[in-house]
1. Among the candidates A:183, A:220, which residue alone is over 27 Å from residue A:271 (Cα atoms) and either in a helix (DSSP H, G or I) or modelled with pLDDT of 85 or more (or both)?
2. State whether the residues of the stretch A:200-221 include one that is among the charged types (D, E, K, R) and touching a strand residue (DSSP E or B) at 6+ places or on another chain (Cβ under 8 Å).
3. Filter the stretch B:104-119 for residues that are within 12 Å of another protein chain (Cβ to nearest Cβ) and surrounded by 14 or more Cβ atoms within 10 Å (Cβ to Cβ) and give the result.
4. Name every residue in the stretch A:494-549 that is over 26 Å from residue A:459 (Cα atoms), open to solvent by 30 Å² or more (accessible area, probe 1.4 Å) and outside any loop (DSSP other than H, G, I, E, B), in order of residue number.
5. For the stretch B:120-138, how many residues meet the condition of being more than 11 Å from every other protein chain (Cβ to nearest Cβ) and outside any helix (DSSP H, G or I)?
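The values are calculated or read from the model by the stated rules, or taken from the named source; none is laboratory data. Small disclaimer: the values here were computed from a predicted structure and weren't measured. Reconstructed Cβ throughout: ideal geometry from the backbone, glycine too, with neighbour counts over all protein chains shown. For the accessible areas, the whole protein counts, side chains as well, though only heavy atoms, and no ligand, DNA or RNA atoms are used. Shrake-Rupley method; radii C 1.70, N 1.55, O 1.52, S 1.80 Å.
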Amino acid sequence: MLTTLFQNITILISISVLYHFISRSLKGTPSAVSVLNGVLLGATAILTMLTPFEIEKGLFYDARSVVIGIAGFFGGPLTAVIAAAIALAYRIPRGGAGVIPGSLSIVFPAILSIIAWQARRRYLANPQRRKPHILLGTWFLGLLIHASVVFVQLALPGGRWHQVIPLMLFPFLVVFPIVFSLICLLFFDNERITKAAQDLAESEARYRSLFENHHTVMLIIDPSTGKIIDANPAAVEFYGWDRATLTNMHIQDINTLSPQEVEAEMARARTRDKNVFYFKHRRANADPIDVEVYSGPITIKGKELLFSIVHDNSQRIRAERELQALTQKLELQVQERTRSLEEQTRRLQELNKEYEAFAYSISHDLRAPLRAIAGFSAILGESLQEQGIIKPALDKKSTGTEAKASPSPDLAHILDRIQSNVSRMQHLIDDMLMLSRTGTKKMNPQLIDLTQMAREILSELTGQQKDRHFECTVQNGMTAIADPDLARILLVNLISNAVKFTKDRDIAHIEVGAEYKSDIPRFFVRDNGAGFDAAAAGDRLFAPFQRFHSEASFEGTGIGLSIVKRIVERHNGRVSVESMPGQGATFYFDFGEVKQI
Amino acid sequence: MTATTSHESILIVEDNPDDAELAVIALGQKGISLPYQIARNGEEALDIALKRKHLPDQKPIEPGLILLDLNLPDKNGIEVLKELRASPHTRYVPVVVLTTSMLEEDMIQSYENGANSFVRKPVDFATFLHYIELICHYWLHTNLRPSPAISQR
């Protein structure tokens, strides 16, 4: 009995090898594996049935239940059904008393092992599974299968089970479950080996694919010689040499650096001193190209190699160069602009100087002939007086009003007109010079007491006209930050205008004050004089040589308000006027925003 | 006319003939009877004042007062002033700068180089007469200075 038992076990072990050989050979077509294994195990079941063991005289049993159980538990439903069908096809025609329990002891193990197979699948799908107790589990399954075989003996005709079952207990409930469990271990182990080989192959393929199919240029180099061990298709495409040529080349043939330099760089890559390199690489059919190389040591079969990833860097370098060129161009343009601005500023300064020199020279040169006219006409007047041709002590009014027709022109009057015109011209020249000076004078802003300044100017200007009656008011506490010289010229001009245009009033009212409606105080000079149509005058009012009264009624050069405007503008302030003919005038001005001194 | 010596004269340095003539007339009208000489440019002024050249039509005289215009055709009045002050012969001769210049720079330059006075020519002739009277009265009659003999030591 033991001999046949071992025979059966031997069959099962050899089947296990065959089974996994089929699984490995036909990987990728799982249904074919199942069918083939089903056939194999069905045949094995027949084989076990051919070598039965005798429990007692005339009662033969075999290990088919073990084979069918293995088929179901490892092969799944398809394998189990095929194996079972083959086994049944052999058993049923044999007939005999044991045909029903014999068939059932094929069917029951098949069903039980399929259920176990499904349970195992569910168990494997659970990611939080605990490590199973394989030996105990498979032993229990073996026990269950063979208990069912014992159980089906109840179907033996004529109550023979009374004799049979006690005899079956030892081999079926003790030996077979252990055998089943051991064979399962064998299958598990084989399964693990198959799976590991499969995983390894897959992993190898995956990493191989990384090298073969990736579009990045990759090289494997022997750092001791520089020989190219392998190059991927991307490298073949990039360099233009085929793989066989490339793998016969050295990296020194590709790198444009000298061989010594390349070796030094390889040493640095090997020691991980540096892992990014910028080189120029030669190509088969094109100019050398700028590349960025990531290189580091890897170990293959105990040999240290360099794995290099090569990037075409030419576009980046070209872009960088273009950017650099652009930046340079921009810088040049900025420099050019700056130069041209400086040039313009210098030119403006020159023009300003020229303008000042011109104004000065005009006033200077015009003054000389004027002085000669004034001097010689004065001497002429005295000389005519001495000769008794004209009377001394000129009475200006008599010359104007007495319209007597005289045979000789009134020489005294003519001389007087010459003198008066000389004086007017002198004022014009002086005012022009003043106007040019206010435009070019260096500003020296400081805190000034406008109240005090206005009072001084008023007393000086009204003091010259003792025959007139003035009533002047100056607001207290007016201060401003301005250039004191220019502020004085401004006030002199506005106040002297006020004095001038009130000459026909019995009482001349002149008021200097300030309004504090906004952050910037607005000052004003108000009079009750002749006034003018401010709306009609518009901007012309502050332009030079503009007059709004006849020269006979109010003398003046027409430059005063231009000077006022220029002074206010130099302080970034504003000037304006309110006036109606016959109703006096008010001139407003400010010195712009308060500046830090 | 107490302190004047007979050989002194007034030197008028003026390139504009009208201005020169007016100055002469003004001197006459104010009764300043000293002899005068007119230099039309800087070189001529130095020739006369430093007696560098004997001018045939004029007798050699010592200037007692120099009226100096700044704008001269050949050299700047300031240059003339420097040379006058550099020479021991004219070091203490009063120099009144009589000019049309409105530039403060000219005024400063004049004083720094030893001008005794700086007067701006007025347009009005009556005022000019008044100035000439004041200038001559002060620099010829009131003001005292070392004699040339002493200054040459």
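1. The unique qualifying residue is A:183.
2. Looking through the stretch A:200-221, none of the residues is among the charged types (D, E, K, R) and touching a strand residue (DSSP E or B) at 6+ places or on another chain (Cβ under 8 Å).
3. B:106
4. A:535, A:536, A:538, A:539, A:540
5. Count: 0.
Yes/no per residue for (1) open to solvent by less than 80 Å² (accessible area, probe 1.4 Å); (2) in contact (Cβ under 8 Å) with a residue 40 or more places away in the chain:
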site: A:144; (1), (2): yes, no
site: A:150; (1), (2): yes, no
site: A:157; (1), (2): yes, yes
site: A:160; (1), (2): no, yes
site: A:170; (1), (2): no, no
site: A:176; (1), (2): yes, yes
site: A:184; (1), (2): yes, yes
site: A:195; (1), (2): no, no
site: A:198; (1), (2): yes, yes
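Per-residue answers, yes or no, for (1) part of a helix (DSSP H, G or I); (2) open to solvent by 50 Å² or more (accessible area, probe 1.4 Å); (3) within 13 Å of chain B (Cβ to nearest Cβ); (4) closer than 24 Å to residue A:413 by Cα:
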{"residue": "A:361", "(1), (2), (3), (4)": "yes, no, yes, no"}
{"residue": "A:367", "(1), (2), (3), (4)": "yes, no, yes, yes"}
{"residue": "A:380", "(1), (2), (3), (4)": "yes, yes, yes, yes"}
{"residue": "A:389", "(1), (2), (3), (4)": "no, yes, no, yes"}
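Every residue, every condition in (1) over 38 Å from the mean Cα position of the chain (by Cα); (2) crowded, with 17+ Cβ neighbours inside 10 Å; (3) part of a loop (DSSP other than H, G, I, E, B); (4) touching a residue at least 40 places away in the same chain (Cβ under 8 Å), yes or no:
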| site | (1), (2), (3), (4) |
| --- | --- |
| A:201 | yes, no, no, no |
| A:207 | no, no, no, no |
| A:228 | yes, yes, no, no |
| A:235 | no, yes, no, yes |
| A:248 | yes, no, yes, no |
| A:265 | no, yes, no, no |
